[in-house]
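Q: Following this message is one structure expressed as structure tokens.
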Amino acid sequence: MALLEVKGLFVRYKVRTPLFAKQRYLSAVNGVSFTLEKGETVGLVGESGCGKSTLGRALVRLEEPCSGRILLNGRDLTHAKGKELKEMRRSFQMIFQDPYGSLNPRLPVFAALDEVIALHRKAPLAVRKERAAELLEMVGLTADALNRYPHQFSGGQRQRIGIARALAADPDFIVADEPVSALDVSVQASIVNLLQDIQQKSGTSILFIAHDLAVVEHISSRIMVMYLGSVVELAPSRQMVSSPRHPYTEALLSAVPTPEGGLSGRIRLNGDVPSPLALVAGCPFHERCPYAKERCRREKPPLLPVEGEEGRWCACWEPLSRAQR
Ligand code: SF4
């Protein structure tokens, strides 16, 4: 049994509309399904506004799905509430993009960690302090940080504290929402390595959200690509990067700089991402896809297994063949 099973998840928001006008909705997540195994890291990539953060937040119940199911260890947490949700929260945590924004500037580090420790563990103060020091050590900081305030740390150190806070509940599953995007390039690698290290030691499963495919490839065993609220490709990382099957993945990959600092044959997509307020019929990518055919404008392709390629899924009527790449 997979640790996390997501089935046909939809998240929609009501949009403010004038009186007597027809209610409109913003479709942020459109029928996403996938599984995450125990101890696995899956990367989730896509342009900003594609719904990846909303999906991550829905998985840890910071957003309310309007339909679909989220099963964690076989337990349905889609609509869990009150005591049941509080108890289940022990199993999942989130690491945010902005470590400064996610830490209360008025709370010293111990208090920030203890908010989570005390919630899940009835223990005397001295024991909780010991646990807090242990967590800081796990993320490469020392116990003297416990009495200091967030503004006394660098961005990278604050993100380490954010990670320690997420680990305080011994979660089975962490959503890391662009955890390195707000950091200097020089510290990004150390945070990615830290997460990888923690994942290997603790067996925690991670959904790693980023817009940088190179970062995601480094840490993930599989990658999911999202476009306009839908997953358009899911594949083992190496296969995805070496031979994209979906035209959108191909375009994303073409924007990743080569080791020499250039771009290898960048594919420039026409236009902008369509509005999630008025989803177009057919394939969500058809207005920008260089391979679009008539059928693509009429019918939305489902995410289907790619023939002959184990563990690979693609939502395209004609997945790219090697000859096209
Ligand atoms: Fe392009 Fe058509 Fe495939 Fe959509 S279904 S990605 S429009 S080729």
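Q: How many percent of DSSP beta bridges within the chain run antiparallel, rounded to 5?
A: Working: 28 of 46 bridges.
Antiparallel bridges: around 60 percent, rounded to the nearest 5.
Q: Sticking with this structure for a sec: When a/c reaches 1.5 or more, the comparison of a/b and b/c decides; with that in mind, is region 168-252 rounded, prolate or oblate per its Cα gyration tensor? Spell out each step's value before the answer.
A: Working: a/c = 1.88, a/b = 1.55, b/c = 1.21.
The shape class here is prolate.
Q: FRET efficiency for F10 and K86, Cβ-Cβ distance as r, R0 = 30 Å, nearest 0.05?
A: Working: r = 25 Å, r/R0 = 0.83.
Efficiency computed from Cβ-Cβ geometry: 0.75.
Q: With a probe of 1.4 Å, find how much accessible area region 44-111 has per residue, and write the answer as a whole number in Å².
A: Numbers: 3200 Å² over 68 residues.
Accessible area per residue: 47 Å².
Q: Here's another thing I want to ask about it. Based on DSSP H runs of at least 4 residues, each adding -39500 (n - 2.57), what is the mean residue ellipticity at 222 nm of the chain after dividing by all its residues, to the nearest 500 deg cm²/dmol? The partial results should precede the final answer.
A: Values: 11 runs with 103 residues, N = 325.
The helix-only estimate for the chain comes to -9000 deg cm²/dmol at 222 nm.
Q: State the percentage of accessible surface on the chain attributable to carbon and sulfur atoms; use a 1.4 Å probe and exclude ligands, DNA and RNA. Present the calculation step by step, with values, prior to reporting the outcome.
A: Details: 8250 of 16000 Å².
Of all accessible area on the chain, carbon and sulfur atoms account for 52 percent.
Q: Further question: For region 195-325, what is the convex hull volume of its Cα atoms per residue in Å³?
A: Details: hull volume 16.9 nm³, N = 131.
Taking the convex hull of the Cα positions in region 195-325, it is 129 Å³ per residue.
Q: On to the next question. Just to confirm my understanding: which cysteines in the chain have no other cysteine beta carbon less than 4.7 Å from their beta carbon?
A: C50, C66, C289, C314, C316
Q: Still on this structure, I have one more. If amide hydrogens are placed 1.01 Å from N in the peptide plane, which non-local residues have theirs closer than 5 Å to the one on C66?
A: The list, which skips near neighbours in sequence, is F10, V11, R12.
Q: Counting Lys and Arg as +1 and Asp and Glu as -1, what is the net charge of the other residues whose Cβ lies under 13 Å from the Cβ of R222? Before the final figure, lay out each step's value.
A: Numbers: positive: R238, R312; negative: E37, E40, E217, E233, E309, E310.
Net charge around R222: -4.
Q: Distance cut-off 20 Å, Cα to Cα: go down the list K38/K300; K81/K201; K7/K300; K83/K201; K38/K129 and report the pairs above it.
A: Over 20 Å apart, Cα to Cα: K38/K300; K81/K201; K83/K201; K38/K129.
Q: Dividing the Cα convex hull volume of the chain by residue count, how many Å³ per residue is that?
A: Working: hull volume 51.7 nm³, N = 325.
So the per-residue Cα hull volume is 159 Å³.
Q: Another question about this same structure. If the chain between Q196 and S242 were fully stretched, how many nm would it gain, using 0.36 nm times the residue separation less the Cα-Cα distance? All intermediate terms of the calculation are to be shown ahead of the outcome.
A: Values: separation 46, 0.36 × 46 = 16.56 nm, distance 2.19 nm.
This chain segment gains 14.4 nm when fully extended.
Q: Treating only the Cβ of Lys, Arg, Asp and Glu as charged (+1, +1, -1, -1), what charge dipole size does the chain show about its Cα centre? Round to the nearest 20 debye.
A: Details: 42 positive and 35 negative charges, 218 e Å.
In debye, rounded to 20, the chain gives about 1040.
Q: Taking the alpha-carbon centroid of each part, what is the distance from region 1-32 to region 146-221 in angstrom?
A: A separation of 28 Å, based on Cα centres.
The values are calculated or read from the model by the stated rules, or taken from the named source; none is laboratory data. On a predicted model such as this, the values are computed, not experimentally measured, just so you know. Please note: Cβ atoms are built from the backbone with ideal geometry, for glycine as well, and neighbour counts cover all protein chains shown. Protein only, heavy atoms only, side chains kept; ligands, DNA and RNA dropped before computing areas. Shrake-Rupley method; radii C 1.70, N 1.55, O 1.52, S 1.80 Å.
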